[in-house]
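Here's the structure we're looking at; comments come further down.
What follows is calculated from the coordinates using simple rules that are stated; it is not laboratory data. This is a predicted model, so every value here is computed, not measured. Here the Cβ positions follow ideal geometry from the backbone for every residue, glycine too, while neighbour counts run over all protein chains shown.
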2 protein chains.
Amino acid sequence: MEHVREELDRLILKGGYGYASISRLLGRNPAYVQQFIKRGSPRKLDDQDRKTLACFFGVDEQVLGGPANPVTDGMVEIPVLDVEASAGFGAVAASESAHTRFGFDERWLRHLTSAKSASLSIVGVKGDSMEPTLSDGDEVLVDASDHGSRLRDGIYVLRSDDALVVKRIAIKPGGRQITIASDNPAYPTWHDMDRSEVHVVGRVIWFGRAL
Amino acid sequence: MEHVREELDRLILKGGYGYASISRLLGRNPAYVQQFIKRGSPRKLDDQDRKTLACFFGVDEQVLGGPANPVTDGMVEIPVLDVEASAGFGAVAASESAHTRFGFDERWLRHLTSAKSASLSIVGVKGDSMEPTLSDGDEVLVDASDHGSRLRDGIYVLRSDDALVVKRIAIKPGGRQITIASDNPAYPTWHDMDRSEVHVVGRVIWFGRAL
DNA sequence: CCTGATTGTAGGAATTTTCCTAGACTCGAA
DNA sequence: TTCGAGTCTAGGAAAATTCCTACAATCAGG
């Protein structure tokens, strides 16, 4: 903790400001900073003062005894695709406006997938075919880079004619054959389909649901 | 500034904690919180104390007089609480370590709840007691302003001794009695509990799950 | 070398924060 | 009901903070 006083002392000395003027900067009496450094009078700097000083000297608050910086830049925004517009093959007008989106912590996201954020998108689930795993209205995070030869057991978003559908895919061991199923047993399951028959949009790696 | 005292008072009252235990949470003398609220003794809360309280009650620091959370163009950031640190009454060293957080579209969020973003937080689910609705590792969005007299049927985060737990609450029609249940039938259900017996942190309004 | 202005220093006063304690009260168990 | 343990409350003590002030040192301009 003494380290903070020395650091502040050095900063003031280097800049040639003098204790008095720095005290005035804080809106305190002229002896305030001198007391802090030489007498250790306020054991800690007030939160507000610390901010002011860190800003003034252009150093991190941490140097003056502040909290470790919570790295504020690691936020990745993933847009929610408008399914109505994106499902068909017709050219999609990329409307900039009105897209809702989710933000994920970068570290958290890297925990989930190694995919680049550009290949991620969010799609709303329609219908009950994937109950109880996914319900109508859920939002699923889709990794568009995770298909093709990397296809493996799991839940995928597929393109079917002009719509996006969510299905569970199982790989038949050793072959090119795959099974496409809906978790809801009321829906049919297709066995032994060829990979080339299905258009995989991407793998579902996360979903959110309102309660 | 008085608003902060009232807000803290309300939080303590609603949760039914009492001033003394909250004072102990801060590692202060038992009269400390009472003095702050009734006498206005420390004009401001110490930075450290504010963090601890915000974490404990699952609200944003802003509510307790902290710095305003930057809302970047329609995106609301909700912090993930460090449950290990926030749940218990034992004096807790509020860990400064970088909190992960999620971002929600403001419009989307308002669709989900009318609560102010400052009263929202995210908690990780531990254990299988809420299977199949919630699984271990899920992240739930908690509305800390939605309890007390507004308690209604639904899933809530409760404080139990030194841990946070997620349970389903059902209100017995017409009375103060409530039922606390786990969705997993392997866990017991408690009937006819009095509202004052449980410490409600907030209502679960959304969750996310990795697949 | 003087003079006046400003600074750093340190003693101590004024104020605020923090703690301690005793009394009134509530609640549950005996 | 009585007792004991816990709470909230308020008064005031103890400790920390913030401020004030006088004094010595420094420095620039005469």
One finds, for residue A:44 and residue A:136 with R0 = 45 angstrom and r their Cβ-Cβ distance, a FRET efficiency to the nearest 0.05 of 0.25
Give the cross-link partners of residue A:14 among the aspartates and glutamates, using a straight C-alpha distance below 19 Å as the criterion and excluding same-chain residues fewer than 8 apart. A:2, A:6, A:60, A:61
Span per principal axis, largest first, for the Cα atoms of region A:118-189 (Å): 35, 35, 23
Counting only the backbone N, which residues of region B:125-156 are under 11 Å from the spot 7 Å out from the Cα of residue B:193 toward its beta-carbon? B:156
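Report the relative contact order of region A:2-64, percent, no decimals, based on alpha-carbon pairs under 8 angstrom and at least 6 residues apart. Before the final figure, lay out each step's value.
Values: 45 pairs, mean separation 20.3, N = 63.
Once normalised by length, the contact order is 32 percent.
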Between the Cα axis of helix A:2-15 and the main Cα principal axis of chain A, the angle (0 to 90°, nearest 10) is 70 degrees
Between copies, how far does the label point of residue A:48 sit from its twins, in nm, shortest first, when each point is 7 Å from Cα along Cα→Cβ? 2.1
Cα-based reach from residue B:44 at 20 Å (exclusive), listing lysines while leaving out same-chain residues under 8 positions away: A:44, A:51
Provide the per-residue ³J(HN,Hα) series for region A:107-117, in order, calculated from phi with Karplus coefficients 6.51, -1.76, 1.60 and θ = phi - 60°, each as a whole number of Hz, with x at glycine and proline positions. 5, 4, 5, 5, 5, 7, 7, 9, 5, 6, 5
Residues of region B:132-166 with backbone N under 17 Å of the label point set 7 Å from the Cα of residue B:10 along Cα→Cβ are B:143-151
How far is helix A:47-57 tilted, in degrees, relative to the longest principal axis of the Cα atoms in chain A, given as a value from 0 to 90 rounded to the nearest 10? 80 degrees
Put a point 7 Å out from Cα along the line to Cβ at residue A:172; what are the distances to that point in the other copies, in nm, shortest first? 5.9
Nearby aspartates and glutamates by direct alpha-carbon distance to residue B:167 (threshold 12 angstrom, same-chain neighbours under 8 apart not counted): B:128, B:131, B:153, B:183
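If contacts are Cα pairs under 8 angstrom and at least 6 residues apart, what is the relative contact order of chain A in percent? Mind dumping the intermediate values first?
Numbers: 318 pairs, mean separation 30.6, N = 211.
Normalised by residue count, the contact order of chain A is 15 percent.
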Once amide H atoms are placed 1.01 Å from N in the peptide plane, what residues at a sequence separation of 5 or more from residue B:177, or on another chain, have their amide H within under 5 Å of its amide H? B:172
Calculate the spin-label point distance for residue A:153 paired with residue B:111, positioning each point 7 Å from the Cα along the beta-carbon direction, and give it in nanometres. 3.4 nm
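Hey, what number do you get for chain B at 222 nm if only DSSP H runs of n ≥ 4 count, each worth -39500 (n - 2.57), divided across all residues, to the nearest 500? Provide the component values of the computation, followed by the final result.
Details: 5 runs with 43 residues, N = 211.
Here the helix-only value at 222 nm equals -5500 deg cm²/dmol.
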Label position 7 Å from Cα toward Cβ: report the copy-to-copy distances for residue B:192 in nm, one decimal, ordered from shortest. 6.1
Hey, what D do you get for chain A in µm²/s if you plug the Kirkwood alpha-carbon radius into Stokes-Einstein at 10 °C and 1.306 mPa s? 73 µm²/s
With a bin width of 10 angstrom, please list the P(r) values of the protein assembly as shown as percents of all Cα-Cα pairs, from the 0 bin to the one holding the largest distance. 4, 18, 24, 22, 16, 10, 5, 1, 0
